[in-house]
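S.K.: Below is the structure I would like to discuss, written out as structure tokens.
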Amino acid sequence: MEIRAATVLPARREPIELHTADGLTLVGELAQPLDKPPVATLVTLHPLPTHGGFMDSHVYKKAANRLPALADLAVLRFNTRGTSSERGTSEGAFDGGEGERFDVAAALEYAEFHDLPRVWVVGWSFGTELALKWAHDPLVEGAILLSPPLHRATDADLDAWAEFGRPLVVLVPEFDDYLRPDEAKARFARVPQAEVIGVDGAKHLWVGEPYVRIVLNEIVKCVNPAAAPLPTEI
């Protein structure tokens, strides 16, 4: 059977709640391999909620639908403050990436408390800003950035990640609306451990199954290389 956009593979999926240090309850979901412990964990940070981003943004939904079965990964998705999805609405209100520091911390605390192994943060668009600014946590093994705009995240944040020392893999669409590969390579040169990968033909939202497969393969190459490349049929 070919793996298609709507394919949902077996996994243990459970609704979860995250509790922030400033008193909010956030809603999310944890997907894990069906019959074995995960070998690593993706904590996902979604695109801008004021422009339609949420925990079900399609790359993350497909990651949760496929990667527990295909790559033995746990995938933690959640709505940042004030964001709604089919799972529900997280308390609070959008805070431009500042109050969201508590949301990132709550997700990482959940992963640590539940003994989820080898945590990697995956940020997409606005989520990349949250990763660069707020994911400097000893628990985090590295970060993968999808379509980073580098609007809210500054050179100071890049310098802080450089000092943090963890790997940083940056996937930049050829036709991105905000930051394209050549400029991204120049901006991320401040981070010696950053790898910038330009993706030919892709756009900011990674629409189209070929681009989703590229993203998921690059994630798996970082986090569980033994499972790469991902199969296209099962």
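The values are calculated or read from the model by the stated rules, or taken from the named source; none is laboratory data. Everything quoted here is computed from the prediction, not taken from an experiment. Cβ: placed from backbone, ideal geometry, glycine included. Neighbour counts: every protein chain shown. Note: accessible area is taken over every heavy atom of the protein model, side chains too, but ligands, DNA and RNA are not part of it. Shrake-Rupley method; radii C 1.70, N 1.55, O 1.52, S 1.80 Å.
S.K.: Mind listing whichever residues of the stretch 139-183 are open to solvent by 10 Å² or more (accessible area, probe 1.4 Å) and among the aromatic types (Phe, Trp, Tyr)?
M.R.: Those that are open to solvent by 10 Å² or more (accessible area, probe 1.4 Å) and among the aromatic types (Phe, Trp, Tyr): 164, 175, 178.
S.K.: While we're on this one: Criterion first (of a type in the set (Gly, Ala, Ser), surrounded by fewer than 24 Cβ atoms within 10 Å (Cβ to Cβ) and under 18 Å from residue 114 (Cβ atoms)) does residue 5 satisfy it?
M.R.: Criteria not met by residue 5.
S.K.: Just to be sure before I move on: is residue 36 surrounded by 13 or more Cβ atoms within 10 Å (Cβ to Cβ) and free of Cβ contacts under 8 Å to residues at least 40 places away in the same chain in the structure I sent?
M.R.: For residue 36, the condition - surrounded by 13 or more Cβ atoms within 10 Å (Cβ to Cβ) and free of Cβ contacts under 8 Å to residues at least 40 places away in the same chain - is not met.
S.K.: Condition first: closer than 30 Å to residue 98 by Cβ and surrounded by fewer than 24 Cβ atoms within 10 Å (Cβ to Cβ). Now tell me which residues in the stretch 68-82 satisfy that.
M.R.: 81, 82
S.K.: Consider residue 124 against the criteria (1) open to solvent by less than 50 Å² (accessible area, probe 1.4 Å); (2) more than 14 Å from residue 169 (Cα to Cα): it satisfies all of them except one. Which criterion is unmet?
M.R.: Condition (2) is where residue 124 drops out.
S.K.: While we're here: Give the residues of the stretch 96-114 that are part of a loop (DSSP other than H, G, I, E, B) and either crowded, with 20+ Cβ neighbours inside 10 Å or touching a Leu at 6+ places or on another chain (Cβ under 7 Å) (or both), sorted by residue number.
M.R.: Step one: of the stretch 96-114, the residues part of a loop (DSSP other than H, G, I, E, B) are 96-99, 114.
97 - this is the single residue of the stretch 96-114 that is part of a loop (DSSP other than H, G, I, E, B) and either crowded, with 20+ Cβ neighbours inside 10 Å or touching a Leu at 6+ places or on another chain (Cβ under 7 Å) (or both).
S.K.: Can you tell me which residues in the stretch 74-108 are among the acidic types (Asp, Glu) and in contact (Cβ under 8 Å) with a residue 40 or more places away in the chain? Explain how you work it out, then say what you get.
M.R.: The first filter runs over the stretch 74-108 and keeps only residues among the acidic types (Asp, Glu), leaving 86, 91, 95, 98, 100, 103.
Residues satisfying the conditions are 91, 103.
S.K.: Determine, yes or no, whether residue 117 is open to solvent by 20 Å² or more (accessible area, probe 1.4 Å) and either within 23 Å of residue 147 (Cβ to Cβ) or part of a loop (DSSP other than H, G, I, E, B) (or both).
M.R.: Considered against the rule, which asks whether it is open to solvent by 20 Å² or more (accessible area, probe 1.4 Å) and either within 23 Å of residue 147 (Cβ to Cβ) or part of a loop (DSSP other than H, G, I, E, B) (or both), residue 117 comes out as yes.
S.K.: Additional query: Determine whether residue 35 is of a type outside the set (A, V, I, L, M), at negative phi and part of a helix (DSSP H, G or I).
M.R.: no
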